[in-house]
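Have a look at the structure below before the remarks.
Bear in mind that the values in this text are calculations on the coordinates, not laboratory data. Bear in mind the structure is a predicted one, so any value in this text is a computation, not a measurement. Counting neighbours? That spans all protein chains shown, and the Cβs are built from the backbone with ideal geometry, glycine included.
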Amino acid sequence: MKNNFDEYVERRGTDSRKWSLIGMLEMAQYVDEESIPMWVADMDFRVPEFVIEKLEKRVKEQVFGYNIVGESYYESVKYWLKKKNNWSIEEEWIVPTSGVVPALCFAVKAFTEEGDGVIVQNPVYPPFRSSIELNKRTVVNSPLKLVNDRYEMDFIDLEKKFKEPKNKLFILCSPHNPVGRVWTEVELKKLVTLSIENNVIIVSDEIHSDLILFENNFTSLGTLNLKNLIVCTSISKTFNLAALKASNIIIPDESLREKFKEEMFKVGLKPVPNIFGAIATEACYTADGEKWLEDLKKYLENNYKYLKKFLDENIPNIKCMPLEGTYLAWLDLKGLNLTEEELVNKIEKEAKIVIDGGHIFGEEGKGFIRLNFACHRDVLKEALERLKKVF
């Protein structure tokens, strides 16, 4: 079956957080009938038909009691990680959770004490910081460096932070949200060395790892034989299934795995996915899922090319940063010489485009915006024309 990403999907009135009038984040208040939401990492494409078929089949059984997951579930996760990342894992390493963000909280509580430091790399996905702060740990920032329009890790600063005895955990975003970097094997091996030398546990959030664009190569930290490691994976970004609350946390070391699960047990949770999340995971992690994903990536690549070309030709003071992975464009607006408030006012109130202001990703994000281009091409075109009018 041909995957039609050029089909417009009407999402208003579907209780979509992205398209709703009411949301939990400050930007959601601007989502009115005239606005184009391009903020939260949520695609506007239909779920693959092969997933719908599996879910419909289960619904028709008409009984939804307590569920278990069988061997086929774990085999599908193992198949996908081997196929996509060349990572051979064991069934017992897989810990299903309701999401990556809850998993971050479990990891912070399992492997640190109150007051301990947890290292992050701003500008970065805001829940990294909130998972630390809400659990009374200390955010330790080792900012990324912007070198010739490409973000790099500051390994000199990272080494200092890793050596601090109070810093027990490092949360890596791989690929990096929002800057779009796909870390190289060389970079990741340096992190492994720092982890081993300083006994710092690494949580690698690899939720966007299937969305590697333009022939860039992804290396999962799991393939580098690190003991002190937790890898977070999910179908949610790849197949746009966030509402099904299905993630798999891969923890090779038994002692770390038991500590992690203990934090789940403390809040009444068990490592069992909800029935629809489990069914969707098995449906996605197949040859059908691979084909759908390849078609999706081609569409996303063309959207990004259109976005960059339009900005270069029409609004050159907005710089589209190089993108290696994710469907989130990181745009540098500092060339417009406007304050953060003026930028938000022009984009969200005048152009009526809902975006994520760079400040939410940390101080280092000021002057940038994050724009989600995983949408119908015509929607992207309309948004860019609106930007052109106000800038």
Loop-resident sites, region 38-102, for chymotrypsin sites (Phe, Trp or Tyr not before Pro), counting at most 11 other Cβ within 10 Å (DSSP): Phe64, Tyr66
Amide proton proximity set for Trp39, modelled H, under 5 Å, gap of 5+: Asn372
Region 115-196: relative contact order as a whole-number percent, Cα under 8 Å and 6+ apart: 33 percent
Ellipticity estimate at 222 nm from DSSP helix runs (n ≥ 4, -39,500 (n - 2.57)) divided over the chain, nearest 500: -11000 deg cm²/dmol
Residue with peak Gaussian network fluctuation, the chain [Cα springs, cutoff 10 Å], from Ile156, Ile207, Ile171: Ile156
Prolate/oblate/rounded call for region 197-253, Cα gyration tensor, a/c under 1.5 rounded: oblate
Percent antiparallel among DSSP beta bridges (both partners in the chain, rounded to 5): 55 percent
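What are the GluC sites (Glu not before Pro) within region 70-160 that DSSP puts in a loop, where the Cβ has at most 14 other Cβ atoms within 10 Å?
Counting only loop positions with at most 14 other Cβ atoms within 10 Å, the GluC sites (Glu not before Pro) in region 70-160 are Glu90, Glu113, Glu114.
State, as an integer percentage, the relative contact order of the chain based on alpha-carbon contacts under 8 Å between residues 6 or more apart. Working shown, then result.
Numbers: 702 pairs, mean separation 90.6, N = 391.
Here the relative contact order equals 23 percent.
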Cα convex hull volume per residue for region 136-261 (Å³): 133 Å³
Normalised per residue, the volume of the convex hull around the Cα set of region 242-318 (Å³): 180 Å³
Cα gyration tensor category, rounded, prolate or oblate, for the chain with a/c compared to 1.5: oblate
Listed pairs Lys160/Lys305; Lys109/Lys160; Lys245/Lys297; Lys82/Lys309 exceeding 28 Å between Cα atoms: Lys160/Lys305; Lys82/Lys309
Gaussian network model of the chain, springs between alpha carbon atoms under 10 Å - residue of Val192, Val203, Val47 with greatest fluctuation: Val47
Distance histogram in 10 Å bins (all Cα pairs of region 53-286, percent per bin): 8, 33, 36, 18, 4, 1
Hits among aspartates and glutamates - C-alpha to C-alpha of Lys166 under 16 Å, sequence gap 8 or more where chains match: Glu113, Glu114, Asp116, Glu133, Asp157, Glu197
Share, in percent, of DSSP beta bridges within region 53-286 that are antiparallel, nearest 5: 40 percent
Low-density loop cleavage sites - trypsin sites (Lys or Arg not before Pro) in region 161-258, where at most 13 other Cβ are within 10 Å (DSSP): Lys166, Lys227
